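Asker: Mind looking over this structure? Questions follow.
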Amino acid sequence: MSISRRDLLQSGAFVATVPMLKAVGLDVIASAQAQTAPEWKHALSLFGDIKYPADFRRFDYVNPDAPKGGIARQISIGTFDNFNLAVAGVKGTIAPAVGLIYETLMARSLDEATTQYCLLAESVSHPDDHSWVIYRLRKDAKWHDGKPVTPEDVLFSLESLKKYSPMYSSYYKHVVKAEKVGSHDIKFTFDAPGNRELPTIVGELTVLPKHWWEGKDSEGRNRDIGATTLEKPLGSGPYAIKDFVAGRAVTLERVKNYWGEKAPTRVGQNNFDEMRFEFFRDTTVSL
């Protein structure tokens with residue numbers, strides 16, 4: 001004996017079955033949502049336990065009461081003619097001091113082998129298969145002009161670095177999609193699952209100010225992130241360029257209203273008021 005759909009409908013059995021099917025369906029949906037809900041973390045590690053808890057205040061190896069002041073002088077061999085990280089190694093010679101004016105999504109601890117803690121990012125999330133990662137930016141992260149660091153800045157940075165630098169293009173080659181998925185959230189999708197290192201590689205991304213690079217310089221000319229420049233760039237880090245002599249010296253000054261002064265990954269660090277990098281072409285002369 002076979003029962004047609006018409007017989008089932010007429011018998012009223014279907015009416016009784018619908019609530020059960022709905023309940024089962026809702027349970028399945030709820031279960032799927034629970035499995036895909038982001039689990040937010042404060043740090044990532046390739047292996048081993050994460051040393052510092054989510055509410056840590058500072059790294060153990062720093063002195064939170066270290067005095068601030070003074071000038072640090074460092075020797076650099078060679079020369080420079082560029083402050084634009086996007087074309088470093090391709091056009092001109094980058095000044096090494098530039099790295100101190102920017103921040104990254106994550107920061108490494110020096111007393112762990114492979115652990116990174118949130119810096120520009122407030123938290124990070126990824127699935128068990130590491131097929132994507134979402135970074136949530138801190139709301140208090142700001143550029144030196146007071147404007148907030150935004151997801152648009154992050155997307156602009158990744159796009160520019162991959163476009164103009166073969167090194168970064170290779171380093172981030174597994175990132176096949178980057179998109180804004182919330183007011184402060186950026187999702188990076190990878191070309192294949194299973195690579196647990198990729199979320200940390202994205203965490204090393206240096207974030208550049210989109211609004212500054214798309215603006216005009218002091219002479220009214222459009223800035224070009226695909227070209228070298230000796231214009232003092234806008235940063236978000238603990239230092240800004242105070243002055244320089246092209247090819248010979250760069251002086252950085254500590255930013256007084258630096259947003260990350262009390263960030264756990266920055267407490268007790270960046271204590272010099274000024275850092276001066278002096279360039280020499282001869283190692284003997286540099287001594």
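All of the numbers you see were taken from the coordinates with simple rules; none came from a lab. Remember, predicted model here, so these are calculated numbers, not experimental data. In this analysis, Cβ positions are derived from the backbone assuming ideal geometry, glycine residues included, and neighbour counts consider all displayed protein chains.
Asker: Mind checking the stretch 55-113 for chymotrypsin sites (Phe, Trp or Tyr not before Pro) that DSSP puts in a loop (not H, G, I, E or B) and that have at most 15 other Cβ atoms within 10 Å?
Answerer: TYR61
Asker: In what sequence do VAL245, VAL250, VAL133, VAL62 fall when counting other Cβ within 10 Å, fewest first?
Answerer: Going from least to most buried by this count: VAL245, VAL62, VAL133, VAL250.
Asker: Longest span of the chain, sites excluded, free of GluC sites (Glu not before Pro) in DSSP loop with at most 16 other C-beta atoms within 10 Å?
Answerer: It runs 40-196.
Asker: Moving on to the next point. When the helices in the chain are scored as -39500 (n - 2.57) per DSSP H run of 4 or longer and the sum is shared across all residues, what 222 nm value do you end up with, to the nearest 500 deg cm²/dmol?
Answerer: Per the formula, -6500 deg cm²/dmol.
Asker: Can you tell me the length gained on complete extension of the stretch ILE71 to ASP129, counting 0.36 nm per residue apart and subtracting the Cα distance?
Answerer: 16.2 nm
Asker: Check the straight Cα-Cα distances from LYS187 and name the lysines below 25 Å, setting aside those fewer than 8 residues away within the same chain.
Answerer: Of all the lysines, those that pass the test against LYS187 - Cα under 25 Å, at least 8 places apart if same chain - are LYS41, LYS139, LYS142, LYS147, LYS162, LYS163, LYS173, LYS177, LYS210.
Asker: Please find, in a Gaussian network model of the chain (springs between Cα atoms separated by less than 10 Å), the residue of PRO233, PRO38, PRO53 whose mean-square fluctuation is greatest.
Answerer: PRO53
Asker: Rank ASN271, ASN84, ASN257 by mean-square fluctuation in a GNM of the chain with C-alpha springs under 10 angstrom and give only the top-ranked residue.
Answerer: The residue with the greatest mean-square fluctuation here is ASN257.
Asker: Based on the Cα coordinates of the chain, what is the per residue volume of their convex hull in Å³?
Answerer: 202
Asker: Do any trypsin sites (Lys or Arg not before Pro) in the stretch 63-161 lie in a DSSP loop with no more than 12 other beta carbon atoms within 10 Å, and if so, which?
Answerer: Loop-located and lightly packed - LYS68, LYS139.
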